[in-house]
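Worksheet for the structure shown next.
The values are calculated or read from the model by the stated rules, or taken from the named source; none is laboratory data. Values in this document were obtained by computation on a predicted structure and should not be read as measured data. Cβ coordinates were reconstructed from backbone atoms using ideal geometry, including for glycine residues, and neighbour counts include every protein chain displayed. With ligands, DNA and RNA removed, areas are computed over all heavy atoms of the protein, side chains included. Shrake-Rupley method; radii C 1.70, N 1.55, O 1.52, S 1.80 Å.
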Amino acid sequence: MSVNVFVLLAMGGAVGFLSGMFGVGGGFLITPLLIFYNIPPAIAVATGANQVIASSFSGALVHFKRKTLDFKLGTVLLAGGIVGASFGAMVFAYLRRLGQLDLIVSLLYVVFLGVVGGLMLLESVRAISRARGGQTISLRKPGQHNWIHRLPLKMRFRASKLFVSVIPVLVLGAFIGFLASIMGVGGGFIMVPALIYLLKVPTNVVIGTSLFQIIFVAAFTTIIHSTANQTVDVVLAFLLMVGGVAGAQYGARVGQRLRGEQLRALLALLVLAVALRLAFDLFVKPASVYSLSIGGA
Amino acid sequence: MRLKRCVALAIFLASLMPLGASAQNGIPEGIQIGLSTDRVSITSDFAGAELTIFGALDNADPLISRQGRYDVVVVLEGPARPVIVRKKTRFLGMWINTQSEVFKDVPASYSMALTRAPQDITDPDGYRRLALGADNLYLQPLDADGDPKTIEEFTAALRERKEATGLYSTRVGGVRFLSQNLFRATLTLAPNVAVGTHRARAFLFRNGNFLRETSAQLTIRKAGLEQRLYEFAQQHGMIYGILAVLVAIVTGWLGRVIFRKD
């Protein structure tokens, strides 16, 4: 494998800039970019997870200081996350043996990025047209409950002013953990909307809590992949981290100057572009239908 | 980055014997090759290189030398590994790996240099007997009872892929005689050359007949820190993972401290 240090630093920087600007982890961009750069998907995923730790830790520190972080909720999410990540790593190793890992990773990315990007685009376009019309709406309607709030085993989360069953929290955590270990993402792009819309967690603690649990799930994923598959490349990850951490600082400054819904529309377009590019590779006839990999008996 | 790195290997001339007509005296010709180093280190930005190997003929017949009827083929063979060849077919519009075949002990790389075009040195049978040349490597499928047609297809695909990625290469004219006895072979190291123990072999031909073979070993490894990290990751995966996490946390924290706005 032959890579260029400056390309990696720039890649980390660009993703860091975007993640700072939009307030996302950037794992969902790093892994596809590494794949586009001809890094084998197995290494791209595991190394992406390693990179996510750095950006999430950096971000969580801020929320820790501002006390916009619900430790209890984060810990319950994490418990589910560890189970999901362990299961994900097993599926990962199995798919790799089968030779279908690249396909499944690409498919998951296409589906999730497509859906999330599409929904975000719709929502932000609506918000933009609404802003033109001069109306405002609030995302959270406090009194409103749904079926999730009728489940048993309720637990109180003071920082989030929440009293819900632990079942959906554990399931959500496990689901994110599973995706984290197969896709090499932090899962913030699914976690944040799920916490807001499904569990009705107040927006101000959502990002901090999500980052908190991502640190641990990504750390766990990194260790599992390194132990089972030896697919973590710490040099590669370090270069991405350095670029990412620096880029995030500048991105955050630019982000403050842009309007929320415009920002979300931009991010949605970016997410859709990555999804399209990955889908393109799946549907277009490859240069060679044969591929080699080391291993077997 | 097109960094052509010439891994220079010095001359190793064990015996520059007086140019006697020893071959005529019944002493057979010999061939020797020498590597000044038995290790080559590659860095992460390694973009391929040329490897030079020097060698000499012993007891060469000056007449045959002058007529250029000695030929030398030098091969650098990478470590043997099992390889899975997969084939994609169209399924629901997507290109998906559907068939595969496992081969045992496939040389990771096979770089060959010759004095002349292969057909001018000896006949195809000669190459086949020596198992010389990428086309004559015996690639053994794990499942030997499979459909011969499928095996043939995947064997060809394996060779084609190895050639396309530069791992199997042939350089006509890559071996040149510097004097009557002394020759220099230039081999290609692909950017993705495998680390491990490689074997350099030199074959001597006279008038199209194979005379003698000699070999030497060469270890290709990653440079310094990268080699140590690589070995560590293979042997202590879990500790490597934990360290990778710590590196990430420290980097994230430092980023915060360095770029803090207040």
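Note on region B:64-99: among residues that are open to solvent by 40 Å² or more (accessible area, probe 1.4 Å), free of Cβ contacts under 8 Å to residues at least 40 places away in the same chain and at negative phi, the one that is farthest from the other protein chains (Cβ to nearest Cβ) is B:GLN67. I'm trying to understand the selection: among the residues of region B:154-179, which are open to solvent by 60 Å² or more (accessible area, probe 1.4 Å) and touching a residue at least 24 places away in the same chain (Cβ under 8 Å)? B:GLU163, B:THR165, B:THR170, B:ARG171, B:VAL172, B:ARG176, B:PHE177 - these are the residues of region B:154-179 that are open to solvent by 60 Å² or more (accessible area, probe 1.4 Å) and touching a residue at least 24 places away in the same chain (Cβ under 8 Å).
Scanning region A:59-76 finds one or more residues that are away from chain B (no Cβ under 13 Å) and of a type in the set (Lys, Arg). Scanning region B:169-227 for residues that are hydroxyl-bearing (Ser, Thr, Tyr) and either under 15 Å from the mean Cα position of the chain (by Cα) or modelled with pLDDT under 90 (or both) yields B:SER169, B:THR170, B:SER179, B:THR186, B:THR188, B:THR197, B:SER215, B:THR219. Quick check on B:LEU246: is it outside any strand (DSSP E or B), more than 8 Å from chain A (Cβ to nearest Cβ) and among the aliphatic types (A, V, I, L, M)? Spelling it out, B:LEU246 is indeed outside any strand (DSSP E or B), more than 8 Å from chain A (Cβ to nearest Cβ) and among the aliphatic types (A, V, I, L, M). Residues that are within 11 Å of chain B (Cβ to nearest Cβ), free of Cβ contacts under 8 Å to residues at least 24 places away in the same chain and assigned to a helix (DSSP H, G or I) are absent from region A:205-219. For B:ASP71, the criteria (1) at pLDDT 90 or above; (2) outside any strand (DSSP E or B) hold in every case but one, which is (2).
Screening the candidates A:ALA252, A:ALA219, A:ALA287, A:ALA275 for the property of being modelled with pLDDT under 85 and either buried (at least 18 other Cβ atoms within 10 Å of the Cβ) or within 22 Å of A:GLY84 (Cβ to Cβ) (or both) yields one hit, A:ALA252.
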